[in-house]
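Q: Can you keep this structure in mind? I'll have questions shortly.
Every number here is computed from the coordinates shown, using simple stated rules; none is lab data. The model shown is predicted, which means the values in this text are computed figures rather than measured ones. Every residue, glycine among them, receives a Cβ derived from its backbone with ideal geometry; neighbour counts consider all protein chains shown.
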Amino acid sequence: MRSSKPASFLRPLAAGVLSLFSAAVQGATPPAAGVLDIGSRRELFVDGFLVQELKGKAQLRLQQPVPREVVMVHDAAWEGSATAYHNIFQDGGRYRMYYRAWQISVTPEKVNTDSHPTFVCYAESDDGVHWRRPELGLHEFNGSKANNIVMVGGTANGVTFDTSSPAVFKDENPNAPADARYKAFNTTKNPRGLMAFKSPDGIHWSPMGNAPVITDGAFDSQNLAFWDGARGEYRAYWRYFSKGTADSPYVGVRAIRTATSKDFIHWENQADLTYVDSPPEHLYTNQVKPYHRAPHLLIGFPVRYIEPELGHAAADDARTSVSAEQAKRWSPSMRALPELEHREMRAKASERYGTALSETLVMASRDGVKFKRWNEAFMRPGPEREGTWNYGHLYAAWHLVETKSSLEGAPNELSLYATESYWTGHSSLLRRYTLRLDGFVSVQAPLSGGEVMTKPLSFRGRHLEINFATSAAGSVRVEIQDLDGRPLPGFALDDCPAIFGDAIGRPVTWTKGSDVRAIAEQPVRLRFELKDADLYAFQFRD
């Protein structure tokens, strides 16, 4: 399923909001005022940054990942129904997974979280699909070390930390010392904050200091940091509650804050995330990280938290035995969702435990602070079935990875992972989703046609490659213009034979060939004509 934005969405942005990004792009030194130097970077349409105008029936269209198999059933005795906050990344020829292991038990009387403390567990895979839990022998559970636990809560230098919301990554900073090649954040209790951890191998961990490194926030979510190679600094994103003003709709909203650091210990430049055109919404996680195929783009997958009285219209309810607020929460649609009995049990502990819902969004930024957040869901709860349409469903794992396509001979695809069956029974599930490389958002047009015009730009490279898909009857053509809208000689639309097919990187050819070096580093515009086609990304390269 795919949702769409009307073509008019971009036109008012072209002269206003989108231009705010240009000064923030690392390495983008315009050769002239208003001309963007994209060099040989791959450019995606996920934030609409380079779009000047959409014509005809062209529109930006948000794509949705395809649900695949369940890759992990968290049913080990030290795991449980609240196992979540997964971190998944590729490390050489191996895929690594870190996650919080925990059990929440629901009975008609209460919600019990005391079955066992939280742990950080580790799994690994050769393909991103089939995962194994190695017996690490590091930490004892119920008298045995035959488990995959890599971190447990404790006290370091008088500071108590827990493992309720771990964020683990491999540090790509070339200057990172050997004993800190892997890093992580865990939360502290006194004072409340984030403590930095390090590891030489991703298995054996130790604190990097004697105090939390960030303390200004709520932190009751997955709080993360990473090395931003495009900007040469560490960047953190964490959970806070917006205070706003007394009459602001942002008061009490679960939101996201960011900061930067040169050493992972001292953090500065704190800022609250802002958005191009999004309303105030409760965002539980953020899952921001540079996109590996276009690292100047920071892409995040925040979880949107919905309570019926906050996010859905009130339903009429003629019952006199419930309050108006309960009527909003327990509408006919809410009662029609899966596992009603279990929802009602959870609601006895807290009404929102039984009625809140969650789903995943997508957002992108070029400066790390201002994001284009798509207001429609990127990952919807999907068909109603056990373990879905509840609070805790579809918490996306942090990091994207490339995996092989299930179609023999097809290019790699992106794999994302998200939770199911949160706090139901004695286990939770992790399901894999797949998406085309660069395939978050496309410029799409029907067979009747449409066009997209880029902002003025300059580039470096020998060829222009496009990531696109057409029907058998569809096509893409490309024209390169000067700043006055005139086609450059040899690069007019009529010089470009119709391009059709489905490819991640197809060179564009004109009548005289594909070599564009003669016009490199001069201001141009790109005009793409689309017929029953999707255009996902483009790149000038050698």
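Q: Using Cα atoms only, what is the angle between the long axis of helix 340-349 and the major principal axis of the chain, expressed in degrees (0 to 90) to the nearest 10?
A: 70
Q: Can you tell me how much longer the chain between SER406 and ALA336 gets when fully stretched, taken as 0.36 nm per residue apart minus their C-alpha distance, in nm with one decimal?
A: Numbers: separation 70, 0.36 × 70 = 25.20 nm, distance 3.50 nm.
Once the chain is fully extended between SER406 and ALA336, it gains 21.7 nm.
Q: Further question on the same structure: Excluding residues on the same chain fewer than 8 positions from LYS55, give the lysines whose Cα lies under 25 Å from its Cα.
A: Within the straight-line cut-off, LYS55 pairs with LYS5, LYS372, LYS455, LYS531.
Q: Going Cα to Cα from LYS110, which lysines come in below 24 Å? Please leave out same-chain ones fewer than 8 positions away.
A: LYS328, LYS348
Q: Per-residue counts of other Cβ atoms within 10 Å, averaged by peptide: what ranking do you get for 422-435, 392-405, highest first?
A: Working: 422-435: 20.6, 392-405: 22.1.
Packing order, densest peptide first, comes out as 392-405, 422-435.
Q: Still on this model: Long-range amide H contacts for THR360: which residues qualify at under 5 Å (H placed 1.01 Å from N, peptide plane, sequence gap of 5 or more or a different chain)?
A: ARG304, PHE378, MET379
Q: For the pair ALA518/ARG460, report the inter-label distance in nm, with labels modelled 7 Å from Cα in the Cβ direction.
A: According to this spin-label approximation, the distance is 2.2 nm.
Q: Reachable lysines from LYS198, Cα under 21 Å, same-chain residues fewer than 8 places away excluded?
A: Counting by Cα, and skipping residues close in sequence, LYS198 has these lysines nearby: LYS170, LYS183, LYS189, LYS262, LYS289.
Q: Where does the chain land on the Kirkwood hydrodynamic radius, alpha-carbon pairs, in angstrom?
A: Details: mean 1/r = 0.0403 Å⁻¹.
For the chain, the Kirkwood estimate is 24.8 Å.
Q: Under 5 Å between amide hydrogens, which residues at least 5 positions from VAL71 or on another chain qualify, with H placed 1.01 Å from N in the peptide plane?
A: LEU430, ARG431, ARG432
Q: Taking a point 7 angstrom from the Cα of SER206 along the C-beta vector, which residues in region 113-129 have backbone N less than 20 Å away?
A: 120
Q: Taking H as built 1.01 Å from N, whose amide H comes closer than 5 Å to the amide H of VAL213, not counting residues under 5 places away?
A: LEU194, MET195, ALA196
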